[in-house]
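Take a look at the structure set out below.
The values are calculated or read from the model by the stated rules, or taken from the named source; none is laboratory data. None of the values given here were measured: they were computed from a predicted structure. Using ideal geometry, Cβ is built from the backbone for each residue, glycine included, and neighbour counts are taken over all protein chains shown. In case anyone asks, the SASA skips ligands and DNA or RNA and just uses the protein heavy atoms, side chains included. Shrake-Rupley method; radii C 1.70, N 1.55, O 1.52, S 1.80 Å.
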Amino acid sequence: MSSMIEVRGLVKKFGRTVALDGVDLAVRTGTVIGVLGPNGAGKTTMVRILATLLRPDAGSATVAGFDVVADPVPVRGLIGLTGQYASVDGDLTGTENLLLIGRLSGLSSSVARRRATELLERFGIGEIASRAAGTYSGGQRRRLDLAASLIGEPRVLCLDEPTTGLDPYVRWELWKVVRGLVADGVTAVLTTQYLEEADRLADRITVLDQGQVVAEGTADELKRRVGGQTVQVRPSVPSDRGAVARTMEKVAGTAPSADPATGMLSASLNDPVLLSTLVRRLDQAGLTVDELALRLPSLDEVFLALTGSRAERQLPEGSKV
């Protein structure tokens, strides 16, 4: 499968702040790449360069073979961009917002109106299309914003933290829309602070920290890279928790942690073969459990392991990269 996006040695500085420091990235056509990283890692800067809104200081970036610096016009015709905050005009109606962006994108009046009608219905806001966008709820404005980014039928969709501030139901609805677009051949670049979002949507994940790529791969590959699995056990009888914990410690070699709210005991288990040993030991001791599972690290745990204390470092006040 060919690459829709190729980034090589990308560098961008803002004064003394190095936003991107030699980033390499390749995104295959019809896939989603999740770009993760703490605040100031360079995620938004990279998206803005791909969308031709910023010029890199060094390196190169191409979209469908077009260089974002040398050939910005065709790149703009290929890309749809949705930022962290809805960018629609609150004084215009939903329909008027889409017609305006359609015409600015070079569509004829009739094509822009047809696309606007299709998208308003697709995103479930056709019934309020004649209302001023300023009266929309946050979720409705976000849907309108995403519809606006699709008015020109882009082949590449840049989603810069698209579900920030949305409730779980609306977030799930937008995930469904993105999956549908990718199934139709759209390539998506997703930056997000919601680790679950990347886990659900991204075919591959790139982790940025301080402007550099610190890890890349599928979600499962990154989880395995961090290493170890976690066995989780919830005793059937609360009073058995101590005995179960001692049994887990003997098998795992480390004392399990306990979640008082759920009664769940968790311990690292580097050898999955030991799971059968634990089950046998619990049975021999006459200890019953309601839940017993072996899982890989969560993407949250991967993120913290890869970025560590560096994620706590702050940029100068007002900076955003």
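Numbers below:
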item: Failed criterion for LEU99 (all others in (1) farther than 24 Å from THR31 by Cα; (2) touching a residue at least 24 places away in the same chain (Cβ under 8 Å); (3) in a helix (DSSP H, G or I) hold); result: (2)
item: Residue ID - nearest to TRP175 (Cα to Cα), chosen from residues in region 55-86 that are touching a strand residue (DSSP E or B) at 6+ places or on another chain (Cβ under 9 Å), open to solvent by 20 Å² or more (accessible area, probe 1.4 Å) and part of a strand (DSSP E or B); result: LEU81
item: Qualifying residue in region 292-308 (condition: open to solvent by 70 Å² or more (accessible area, probe 1.4 Å), modelled with pLDDT of 80 or more and more than 30 Å from PRO38 (Cα to Cα)); result: no
item: Residue within region 182-193 that is polar (S, T, N, Q), outside any loop (DSSP other than H, G, I, E, B) and within 30 Å of GLU249 (Cβ to Cβ) present; result: no
item: Check on THR230, among the hydroxyl-bearing types (Ser, Thr, Tyr), touching a helix residue (DSSP H, G or I) at 6+ places or on another chain (Cβ under 8 Å), open to solvent by less than 60 Å² (accessible area, probe 1.4 Å) and not in a loop (DSSP other than H, G, I, E, B); result: no
item: Test: ASP203 is open to solvent by 40 Å² or more (accessible area, probe 1.4 Å) and at pLDDT below 90; result: no
item: Condition met for LYS250 (at pLDDT below 95 and in contact with a Lys or Arg (Cβ under 9 Å, 6 or more places away or on another chain)); result: yes
item: Exclusive hit being crowded, with 23+ Cβ neighbours inside 10 Å, within 17 Å of the chain's Cα centre (by Cα) and over 30 Å from GLY126 (Cβ atoms), set LEU20, LEU25, LEU36; result: LEU36
item: Lone unmet requirement of (1) in contact with a Pro (Cβ under 9 Å, 6 or more places away or on another chain); (2) open to solvent by less than 10 Å² (accessible area, probe 1.4 Å); (3) part of a helix (DSSP H, G or I) for ALA147; result: (1)
item: Number of positions in region 233-284 that are surrounded by 12 or more Cβ atoms within 10 Å (Cβ to Cβ), assigned to a helix (DSSP H, G or I) and among the charged types (D, E, K, R); result: 5
item: Qualifying residue in region 198-205 (condition: part of a strand (DSSP E or B) and either within 13 Å of LEU36 (Cα to Cα) or in contact with a Gly (Cβ under 6 Å, 6 or more places away or on another chain) (or both)); result: yes
item: For GLU221: the one exception among (1) open to solvent by 20 Å² or more (accessible area, probe 1.4 Å); (2) in contact (Cβ under 8 Å) with a residue 24 or more places away in the chain; (3) in a helix (DSSP H, G or I); result: (2)
item: Pick from region 39-54, criterion in a loop (DSSP other than H, G, I, E, B) and aliphatic (A, V, I, L, M), ranking: surrounded by the fewest Cβ atoms within 10 Å (Cβ to Cβ); result: LEU53
